[in-house]
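The values are calculated or read from the model by the stated rules, or taken from the named source; none is laboratory data. Owing to the predicted nature of the structure, the values given are computational and were not obtained by experimental measurement. Note: ideal-geometry Cβ built from the backbone for every residue, glycine included; neighbour counts use all protein chains shown.
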Ligand code: ZN
């Protein structure tokens, strides 16, 4: 029995919700419920590799309308920007969510680093212990347009990561929930229904029970091979877990199972899709990203993660089928990723001198400027006098361009002067990609592209062994899948973008997008994007 079924069984016993018995009201041919799923770090490469082995919910979606070459088109392929594109129809340059963190030298607090999903105006908030908020998202999302069209529509988002829940929830969601050290908690003043407390109690019991190693399916056998990176080895972990180990729970398929079980419980208790309106639930399955960062996406661990997610999604859809709700699903990812060079034999790790801090030290030495020179993702520090910032940018650029790992370096001024690209994403230049990630107030002073295959993650340490965030297609390409009951299957090799999802869904559910966006509706009958 999967974790999902186990948790859901507990909820069905404790919640005694009347929803399953209620009859869905007719909804004029539109879907009753839109389910928008993001699988964090599910690259096109992973989806295509595992597709032949799918048997559950991912298989169901893979038998719908499949854009296997979808794009998170922008250059800064991180989680927060990626999630913000999915339901807003807009690149980071329009959503304002250009990175997971940025620097604001004018912030009214000592810590000038701003987390994308925080409200730094709340006293006591800092980039590590922050107040979760959507205040930085500049654009409406699908749920906002749905509510504009029909105030009776309800909008819920639930995710492992707070930034996923916030960015897919938009500006006016009814309920956003995210994982906070072992329980799911609401964002801000969002009012959680009683089922959340009951669910958290069930979840605590599940976490308090130790987990035996998972048994890999036969197709994972070839992945079950140990690879050494520095002093650590990867590739053979089976997700056994000690009782009460929250951190191990979070780095395993159990986490997504819990998020999906909570989503199922919310659909049930809130009676989503049953009131004659079209409702939305956005779901952020975050474990794939933790497994990818923690073990690299090429080992047994990812095989077990995706096999489990496939099975748990299958259980999730089975529950929805039983409810009789007419639902529509879109699934995509916030970015891709790439395996560790030690296993794949492709690419290499960047030298530790290719960091803002290290380059900043060298710039300071050359220019005779004391203190911190460069911080974060290439910001000139507030310590640098205003009349020397130009020199700092030019010198940093010179240093970076001499390094073998660097493909290109641009200044913010150059990116700002470049027009937003309007061509298809496979043809985008580096300038195009960076421009789509550019916000004049939030972006760094330098845009640095590593050469293809170079990862900035060092081999030592105890944190991530693999990463993403680069301008290259392995970090940009993600599947985009549409499914609803009776959908005519389509295999599409045209390059959809995640910003095309919003206008496409708006067309499918019959609502208007009333603000400027970057995406275009995809013609799901089989043609190219509609211009
Ligand atoms: Zn991510």
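Within segment 326-335, is there a residue that is more than 16 Å from the ligand (Cβ to nearest atom) and closer than 30 Å to residue 114 by Cα?
For segment 326-335, residues more than 16 Å from the ligand (Cβ to nearest atom) and closer than 30 Å to residue 114 by Cα: absent.
So which residues in segment 500-523 are out of contact with any strand residue (DSSP E or B) (no Cβ under 7 Å at 6 or more places or on another chain) and buried (at least 17 other Cβ atoms within 10 Å of the Cβ)?
500, 502, 503, 504, 506, 511, 513, 517, 518, 520, 521, 522
Out of segment 336-351, which residues are within 16 Å of the ligand (Cβ to nearest atom) and touching a strand residue (DSSP E or B) at 6+ places or on another chain (Cβ under 9 Å)?
Listed by number, the residues that qualify are 336, 338.
Is it the case, given these coordinates, that residue 393 is touching a strand residue (DSSP E or B) at 6+ places or on another chain (Cβ under 9 Å), surrounded by fewer than 20 Cβ atoms within 10 Å (Cβ to Cβ) and at pLDDT 95 or above?
It is false that residue 393 is touching a strand residue (DSSP E or B) at 6+ places or on another chain (Cβ under 9 Å), surrounded by fewer than 20 Cβ atoms within 10 Å (Cβ to Cβ) and at pLDDT 95 or above.
One line per residue, one yes/no per condition, for (1) farther than 24 Å from residue 194 by Cβ; (2) modelled with pLDDT of 95 or more; (3) buried (at least 24 other Cβ atoms within 10 Å of the Cβ):
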residue	(1), (2), (3)
272	no, yes, yes
278	yes, yes, yes
286	yes, yes, yes
291	yes, yes, yes
307	yes, yes, no
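Return the residues of segment 341-369 that are crowded, with 16+ Cβ neighbours inside 10 Å, more than 25 Å from the chain's Cα centre (by Cα) and in a loop (DSSP other than H, G, I, E, B); say none if nothing qualifies.
354, 369
Please give the strands (runs of 3 or more DSSP E) falling wholly within segment 424-510 in which 2 or more residues are touching a helix residue (DSSP H, G or I) at 6+ places or on another chain (Cβ under 7 Å).
Hits in segment 424-510: 446-450, 477-483.
So which residues in segment 41-56 are part of a helix (DSSP H, G or I) and surrounded by fewer than 24 Cβ atoms within 10 Å (Cβ to Cβ)?
Hits for segment 41-56 are 44, 45, 48, 49, 50, 51, 52, 53.
State which residue pairs qualify: first residue part of a loop (DSSP other than H, G, I, E, B) and inside segment 74-91, second residue within 11 Å of the ligand (Cβ to nearest atom) in any location, beta carbons under 6 Å apart, and separation of 6 or more residues or different chains.
Cβ pairs passing all conditions: 77/335; 77/468; 77/469; 77/475; 78/100; 78/469.
Going residue by residue through segment 96-113, is there one that turns out to be away from the ligand (no atom under 16 Å from the Cβ), under 14 Å from residue 443 (Cβ atoms) and surrounded by 22 or more Cβ atoms within 10 Å (Cβ to Cβ)?
Within segment 96-113 (the criterion being away from the ligand (no atom under 16 Å from the Cβ), under 14 Å from residue 443 (Cβ atoms) and surrounded by 22 or more Cβ atoms within 10 Å (Cβ to Cβ)), the answer is yes, since at least one residue qualifies.
How many of the residues in segment 293-305 are within 16 Å of the ligand (Cβ to nearest atom) and surrounded by fewer than 24 Cβ atoms within 10 Å (Cβ to Cβ)?
2
What's the number of the condition residue 140 fails, among (1) surrounded by fewer than 20 Cβ atoms within 10 Å (Cβ to Cβ); (2) in contact (Cβ under 8 Å) with a residue 12 or more places away in the chain?
For residue 140, the failing item is (1).
Given (1) surrounded by fewer than 20 Cβ atoms within 10 Å (Cβ to Cβ); (2) touching a residue at least 60 places away in the same chain (Cβ under 8 Å); (3) closer than 30 Å to residue 107 by Cα, where does residue 426 come up short, assuming only one miss?
(3)
Out of segment 54-93, which residues are within 14 Å of the ligand (Cβ to nearest atom) and farther than 25 Å from residue 514 by Cα?
76, 77, 78, 79
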